[in-house]
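Data block below; observations after.
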Amino acid sequence: MSTAVGAQKAGIARDHEEQIFETGAGIEIRDMYRPGDVAGADYQHDLGEPGEYPFTRGPYPGMYRERIWTRRFQVGFGSPGETNERIKYLHAQGANGFVITIDLPTSYGFDSDDPIGEGEVGVTGVPISTLEDMETLYDGFGPDAVSYALSIRPPVSSVTLAMLASVAKKKNVPFEKVIGTQQNDPFYQMSGGPLQTITQFFPLDGTLRLCIDNIEFISRNMPRLNWMVTNGYNLRETGVNAIQDGAFSLAHAFDIFRRARERGLDINVFPRRASFFLSCSIDFFEEIAKFRAMRRLYAKHMRERFGATNPECWRLRFSVQSAGNTLTRQQPEVNIIRATVEAMAAVFGGAQSIHLCSYDEAHGLPTEESSRVALRTQQVIAYESGITKSIDPLGGSYYVETLTNQMEKAIDEKLADIDRNGGMISRIKEHWLEDQINSERIKNQNDLDTGRRTLVGVNRFRIPSEEERPLAIHKIQADVWGARRSEYLREYRASRDPQKWAEAMARIEAGWTGGENMVPILMDALTNKVTMGECHEAMRNAQKWKFR
């Protein structure tokens, strides 16, 4: 069969294009927007100035004219040494921020030699079992010079925060100069199997306590270190739409803020370093409007509901990753275009940090070549396209402002509904969120199956499989790394002082029972060679929590 015939059978040749004139979340799109559309909106706002309340036009006055966004890259595979080498390579290419992805055993608080992690060591991320592992990740860099964002959750994030603080002390870097981001979302995975797995290994109430411990330690000791209150990215990857994305992310953050305030933390201090990790999907204008609406809503809620008087605490700051769920295995080179569209939406939406998915991520971990293409994409946008030369260049657009108003209204209504029903944590515990996600997943799949939504290369514009370009896939030998890590940990444990180790383990249990902030206690334990898994075991013992 010829390529032309195959193209016709794939549905490329059509006499009439049937388009659905609505956003991905179902907001109607008119043929044209006029001044009256903005003037008559229920949610009309004074746009104000960039860096001023309500921050519609951006969180900082100069935006990209003064500083280009942080260009982050996801790294983490094999061993801490291999991951550090990839960081050095990307840093030399111009990357200035890195998302450190951890492997599956570490993400649940287990050491690399625990039988539960067999076959998973170093596969989907880097293993971090010891303080030495964290030191290796920072080899050649100081925590005051290169920004790492650890893709992690409590309780593990309490141990990695203690590791980061310990590395800073060893390198003589004052805590107040430490930069980067600690992901600190207790509902890093808000639904389904991942959430059930997390709560199987560690009690939810304990996870929430450690989340507030981290906020307290960072806000009082590390004024330049961001703590990521909401991982909206993983939430969006489940298939929820842009309105749900905005509402669920903000509602969850506000729940955590209320708990931090109950701990006695100052609402005019701790939110200054709060940050969000959000997804930017393919619906260009809807995503721009989502970011602008979320910034405006956050400012309003922080000032009016929480009573914050510090303007720094009204400012929503977020990092963005291009959507993973828009990537396709078919015709993977097309993913470069998708990521470019999504990156530009993030820029127009005013993101502080951007990470582009590499085009081969639907097949495996990014290679050096695909990571370089993703970096170059950001650099072309930043330094060639010209879109960074004006602050909020779409501000005042009848369409963008109308859509921003509509998104704000829809997100705010959903926020109010969540609050009426006890807040986001209650909604998660009651499985309401799971129902919302599943309903949206079914709708998305039906839209693809019926052709209501086009996915290039999947349900339209396909090519024969034999014409697909073969990809060079980055592969990890899990069995090799598992054996090496086991040997490393055996030697590590043999080198420590047994009495100091036992005393440190006892201090963890006593600190937990006594209600102390666990981060300084974990720092003490790590310097006495207590491992990641042993830290978790001691905290579980203090709570009498058994899972095996």
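The values are calculated or read from the model by the stated rules, or taken from the named source; none is laboratory data. Note that the coordinates shown come from a computational prediction; the quantities given were computed from them, not determined experimentally. Quick reminder, even Gly has a Cβ in these numbers, built from the backbone with ideal geometry, and neighbours come from all protein chains shown. Heads up: the accessible areas ignore ligands, DNA and RNA and are worked out on the full protein's heavy atoms, side chains in. Shrake-Rupley method; radii C 1.70, N 1.55, O 1.52, S 1.80 Å.
Filter region 368-419 down to the residues that are part of a helix (DSSP H, G or I) and basic (Lys, Arg) and list them by number. Matches in region 368-419: Arg372, Arg376, Lys409, Lys414. Looking across region 45-77 at every residue that is out of contact with any Leu (no Cβ under 8 Å at 6 or more places or on another chain) and not in a loop (DSSP other than H, G, I, E, B), the one that is farthest from Asp103 (Cα to Cα) is identified as Arg65.
In summary, Asn234 fulfils each of the numbered conditions (1) surrounded by 24 or more Cβ atoms within 10 Å (Cβ to Cβ); (2) under 17 Å from the mean Cα position of the chain (by Cα); (3) closer than 21 Å to Gln352 by Cβ with the single exception of condition (1).
Among residues of region 313-329 that are under 18 Å from Gln183 (Cα atoms) and open to solvent by less than 10 Å² (accessible area, probe 1.4 Å), those with a Cβ under 7 angstrom from a residue that is assigned to a loop (DSSP other than H, G, I, E, B) and of a type in the set (Phe, Trp, Tyr), sequence gap 6+ or separate chain, pair up as Leu316/Phe55.
Residue check: is Glu434 acidic (Asp, Glu), open to solvent by 20 Å² or more (accessible area, probe 1.4 Å) and under 27 Å from Glu28 (Cα atoms)? Yes: the conditions hold for Glu434.
The residues on offer are Ile87, Ile100, Ile116, and the sole one that is assigned to a strand (DSSP E or B) and free of Cβ contacts under 8 Å to residues at least 60 places away in the same chain is Ile100. Return the pair list, or none, for Cβ contacts closer than 9 Å from residues in region 404-418 that are touching a residue at least 40 places away in the same chain (Cβ under 8 Å) and more than 17 Å from Arg295 (Cβ to Cβ) to residues that are crowded, with 22+ Cβ neighbours inside 10 Å and among the basic types (Lys, Arg), at least 6 apart or on different chains. Listed pairs, sorted by first residue: Ile418/Arg427. In region 87-113, the qualifying residues are those that are surrounded by 21 or more Cβ atoms within 10 Å (Cβ to Cβ) and charged (D, E, K, R), and the one that is farthest from Cys357 (Cα to Cα) is Asp113.
Of note, Ala502 satisfies the criterion of being surrounded by fewer than 15 Cβ atoms within 10 Å (Cβ to Cβ) and of a type in the set (A, V, I, L, M, F, W, C). Among the residues making up region 330-352, none is open to solvent by 30 Å² or more (accessible area, probe 1.4 Å), of a type in the set (Asp, Glu) and part of a helix (DSSP H, G or I).
Considering each residue of region 404-426 in turn, at least one proves to be closer than 19 Å to Gly239 by Cα, at pLDDT below 95 and in contact with a helix residue (DSSP H, G or I) (Cβ under 9 Å, 6 or more places away or on another chain).
Kindly evaluate Gly457 against the criterion of being small (Gly, Ala, Ser) and out of contact with any Phe, Trp or Tyr (no Cβ under 9 Å at 6 or more places or on another chain). Taking the combined requirement at face value, the residue satisfies it. Among the residues of region 314-329, those that are assigned to a loop (DSSP other than H, G, I, E, B) and within 20 Å of the chain's Cα centre (by Cα) comprise Arg315, Leu316, Arg317, Ala323, Gly324, Asn325, Thr326, Leu327. Where helices (runs of 4 or more DSSP H) fall entirely within region 477-548, those with at least 2 residues that are over 21 Å from Thr106 (Cβ atoms) and without any contact (Cβ under 8 Å) to a residue 24 or more places away in the chain are at 498-513. When you scan region 486-493, do you find a residue that is loosely packed, with under 13 Cβ neighbours inside 10 Å and more than 21 Å from Pro80 (Cα to Cα), even just one? No: zero hits. If the condition is being basic (Lys, Arg) and free of Cβ contacts under 8 Å to residues at least 60 places away in the same chain, then region 433-447 contributes only Lys443. Of all residues in region 63-79, count the ones that are surrounded by 21 or more Cβ atoms within 10 Å (Cβ to Cβ), of a type outside the set (A, V, I, L, M, F, W, C) and under 21 Å from the mean Cα position of the chain (by Cα). Count: 4.
Quick check on region 239-256. Is at least one of its residues open to solvent by 20 Å² or more (accessible area, probe 1.4 Å) and closer than 23 Å to Gly97 by Cβ? For region 239-256, residues open to solvent by 20 Å² or more (accessible area, probe 1.4 Å) and closer than 23 Å to Gly97 by Cβ: absent.
Let's see how each residue does on (1) surrounded by 19 or more Cβ atoms within 10 Å (Cβ to Cβ); (2) of a type outside the set (Val, Ile, Thr):
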residue	(1), (2)
Ser358	yes, yes
Leu365	yes, yes
Val380	no, no
Tyr383	no, yes
Gly396	no, yes
Gln406	yes, yes
Lys409	no, yes
Leu415	yes, yes
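When region 163-201 is filtered for residues that are polar (S, T, N, Q), part of a loop (DSSP other than H, G, I, E, B) and either at pLDDT below 90 or surrounded by 22 or more Cβ atoms within 10 Å (Cβ to Cβ) (or both), the ones remaining, listed by number, are Asn184, Gln189, Ser191.
Set side by side, the residues Glu537, Glu487 differ, and just one is closer than 22 Å to Asn214 by Cβ and of a type in the set (Asp, Glu), which is Glu537. Does Leu204 meet the test of being out of contact with any strand residue (DSSP E or B) (no Cβ under 8 Å at 6 or more places or on another chain), open to solvent by 10 Å² or more (accessible area, probe 1.4 Å), among the hydrophobic types (A, V, I, L, M, F, W, C) and within 18 Å of Ser426 (Cβ to Cβ)? Here the answer is yes, as Leu204 does meet what is asked. Under the condition of being modelled with pLDDT of 90 or more, more than 21 Å from Leu375 (Cβ to Cβ) and not in a helix (DSSP H, G or I), the residues counted in region 121-137 number 5.
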